[in-house]
Amino acid sequence: MGIILREVGQGRFLSIKELHEMISYSASYGAIRISVRWLERQGMLERRQVGRNTILVPTKRIRLVSPGAVN
């Protein structure tokens, strides 16, 4: 989510392929799709169709959680 927010702050929305290329550790496309799907179900992210591409857009429901935080 941090990568998505950083890029949005720079005025750029990512596709899943672009997100996969930017991750610093090895992860399969399937793992990234599962993570994106989870963020969608939490209402923190949505997919938008732009022409032939689908971009990932954060919603206003983003929660920042730090280690040890009490919810």
- How many nm is it between the label spots at Lys60 and Glu40, if each spot is 7 Å from the Cα in line with the beta carbon? 2.2 nm
- Message: Tell me whether the chain comes out rounded, prolate or oblate; compute the Cα gyration tensor, take square roots of the eigenvalues as a ≥ b ≥ c, and use a/c under 1.5 as the rounded threshold.
- Response: prolate
- Report the local net charge at Arg33: Lys and Arg +1, Asp and Glu -1, summed over other residues whose C-beta lies under 13 Å from its C-beta. +3
- Message: Helix 29-41 against the longest principal axis of the chain: what's the angle in degrees, Cα atoms only, rounded to the nearest 10?
- Response: 60 degrees
- Task: Quick one: net charge around Ser24, please, counting Lys, Arg +1 and Asp, Glu -1 for every other residue with C-beta under 15 Å from its C-beta.
- Result: -2
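Laboratory data are not the source of any read-out in this text; all were calculated from the coordinates shown. Quantities reported herein were computed from a predicted structural model and do not represent experimental measurements. Note that each Cβ is placed from the backbone with ideal geometry, even for glycine, and that neighbours are counted across all protein chains shown.
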